[in-house]
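Taking it in order: structure first as structure tokens, then the write-up.
The values are calculated or read from the model by the stated rules, or taken from the named source; none is laboratory data. Nothing here was measured: the structure is a model prediction, and the numbers come from that model. Cβ atoms come from the backbone with ideal geometry, glycine included; neighbour counts cover every protein chain shown. The area values use the complete protein model at the heavy-atom level, side chains included, leaving out ligands, DNA and RNA. Shrake-Rupley method; radii C 1.70, N 1.55, O 1.52, S 1.80 Å.
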Amino acid sequence: RAPGKLMLLGEHAVLHGRLALVAAVERWLTVSLTPLHEPAVRVQSALGELELPLDKLAPQSPFSFILQILAARQATLPGGLALTVSSEFPATLGLGSSSAVCAATVAAVRAWLGLPFDRSAIFTEALAAIRAVQGRGSGADLAAAVHGGVLAYRAAPLSITPLATTLPLVAAYSGGKEATPAVVHQVQELGKRWPALIGATYEQMERSSLLAAEACRAGDWAKLGQLMNFQQGQMESLGLANLSLATLVHQLRRDAGIFGSKISGAGLGDCVIGLGTLQDPAAMPAAQVMPIAAHGVELI
Ligand code: PMV
């Protein structure tokens with residue numbers, strides 16, 4: 001099983017080599033693998049069911065990531081298999097169901113093949129599958145699913161640094177979702193039109209992410225919250241807010257127990273996060289406490 005994630009800082013900038021902060025959260029996705037006697041692959045989840053002959057594996061909706069992982073391993077699979085996916089969170093929340101399913105599937109298949117449990121090998125194999133299916137992807141969400149905790153992440157050159165294993169975090173769902181590749185494309189287009197301004201925005205995000213990594217290590221939540229507020233401004237500049245996200249950000253900031261709040265993830269949908277503990281949870285019924293998952297993918 002592997003945990004979901006919430007991006008804390010550095011969204012979009014991380015696709016341009018800048019630092020991001022990401023946290024694994026105590027919402028788990030489980031993949032069970034059962035060997036089959038017949039040469040077939042069966043996949044089942046809340047998204048549907050699919051059966052394919054073992055020699056005809058190729059990514060296909062709604063199981064593109066799983067089928068890509070199996071197709072890349074086709075030559076080494078000893079026979080057919082059934083995979084059942086069950087999740088404590090739906091795929092629509094922006095909690096990283098794709099990265100969790102990739103981490104858990106790769107770990108399960110590697111265990112079946114008798115390969116050692118090796119987080120960095122799981123990360124590399126799962127990231128290759130994500131990039132084959134999606135074209136782009138920083139891998140920050142996958143790092144959280146594989147390693148757990150709160151991490152500083154840089155895609156190139158790859159660096160994954162543990163910062164903390166706890167953090168007071170709440171999340172509120174905005175009620176909508178925009179596909180991440182579409183939002184990434186929109187931000188890229190903005191960057192082509194305003195290269196100097198958007199470049200400077202990413203540079204500012206890098207600086208606040210570096211300060212935030214220090215604050216996180218020191219457990220200085222007031223400082224980290226302030227830096228989250230700065231980056232909310234930068235995400236607004238990148239065109240990533242909408243009425244519902246902005247409203248949630250300001251509702252969270254009204255609570256005296258919240259040090260800072262911002263959009264989490266690609267933007268234009270998914271979740272808003274708040275750092276801290278709500279003093280008046282009744283005023284914010286949409287917000288859920290999100291404990292950090294101190295470790296990542298595991299065999300159970
Ligand atoms: O929308 P999410 O939670 O998958 O986060 C996307 C974060 C981006 O930086 C926009 C993309 C990426 O691959 O890091």
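Sort out which residues of the range 77-104 are in a loop (DSSP other than H, G, I, E, B) and more than 16 Å from the ligand (Cβ to nearest atom), and write them in order of number. It would help to see each step written out before you state the result.
Of the residues in the range 77-104, the ones in a loop (DSSP other than H, G, I, E, B) are 77-80, 88-96.
Result: LEU77, PRO78, GLY79, GLY80, GLU88.
Condition first: away from the ligand (no atom under 16 Å from the Cβ), surrounded by fewer than 24 Cβ atoms within 10 Å (Cβ to Cβ) and aliphatic (A, V, I, L, M). Now tell me which residues in the range 227-248 satisfy that. Break it down stepwise before answering.
Looking only at the range 227-248, we keep the residues that are away from the ligand (no atom under 16 Å from the Cβ), and these are 227, 229-230, 233, 243, 246-247.
Keeping just the survivors that are surrounded by fewer than 24 Cβ atoms within 10 Å (Cβ to Cβ) gives 229-230, 233, 243, 246-247.
Correct list: LEU243, ALA246.
Name every residue in the range 105-159 that is in a loop (DSSP other than H, G, I, E, B) and either under 23 Å from LEU33 (Cβ atoms) or basic (Lys, Arg) (or both), in order of residue number.
Within the range 105-159, LEU113, GLY114, LEU115, PRO116, PHE117, ASP118, ARG136, GLY148 meet the criteria.
Do you know which residues across the range 149-190 are without any contact (Cβ under 8 Å) to a residue 40 or more places away in the chain and in contact with a helix residue (DSSP H, G or I) (Cβ under 6 Å, 6 or more places away or on another chain)?
The answer is ILE160, and nothing else.
Return only the number of the condition from (1) open to solvent by 30 Å² or more (accessible area, probe 1.4 Å); (2) within 16 Å of the ligand (Cβ to nearest atom); (3) of a type in the set (Lys, Arg) that ARG42 does not satisfy.
(2)
Output the residue which, of all residues in the range 7-27 that are within 8 Å of the ligand (Cβ to nearest atom) and part of a strand (DSSP E or B), is farthest from LEU299 (Cα to Cα).
So, considering only residues that are within 8 Å of the ligand (Cβ to nearest atom) and part of a strand (DSSP E or B), the one farthest from LEU299 (Cα to Cα) is ALA20.
Are any residues in the range 130-140 within 10 Å of the ligand (Cβ to nearest atom) and more than 22 Å from GLY225 (Cβ to Cβ), and if so, which ones?
ILE130, ARG131, GLN134, ARG136, GLY137, SER138, GLY139
Take GLY139 and tell me if it is closer than 23 Å to LEU29 by Cβ and touching a helix residue (DSSP H, G or I) at 6+ places or on another chain (Cβ under 9 Å).
yes
Which of the residues belonging to the range 1-36 are touching a helix residue (DSSP H, G or I) at 6+ places or on another chain (Cβ under 8 Å), among the β-branched types (Val, Ile, Thr) and either more than 30 Å from ARG110 (Cα to Cα) or surrounded by fewer than 21 Cβ atoms within 10 Å (Cβ to Cβ) (or both)?
The answer is THR30, and nothing else.
Taking the range 141-183 as the region of interest, how many residues are in contact with a Leu (Cβ under 7 Å, 6 or more places away or on another chain), open to solvent by 60 Å² or more (accessible area, probe 1.4 Å) and within 16 Å of the ligand (Cβ to nearest atom)?
2
Just give me the residues in the range 97-122 being open to solvent by 10 Å² or more (accessible area, probe 1.4 Å) and closer than 20 Å to THR161 by Cα, in sequence order.
Listed by number, the residues that qualify are PHE117, ASP118, ARG119, SER120, ALA121.
Checking the condition modelled with pLDDT under 95 and not charged (D, E, K, R), which residue from ALA164, ALA241, ALA179, ALA212 passes?
ALA179
Inside the range 253-298, can you point out the residues that are assigned to a loop (DSSP other than H, G, I, E, B), free of Cβ contacts under 8 Å to residues at least 60 places away in the same chain and small (Gly, Ala, Ser)?
Those that are assigned to a loop (DSSP other than H, G, I, E, B), free of Cβ contacts under 8 Å to residues at least 60 places away in the same chain and small (Gly, Ala, Ser): ALA256, GLY257.
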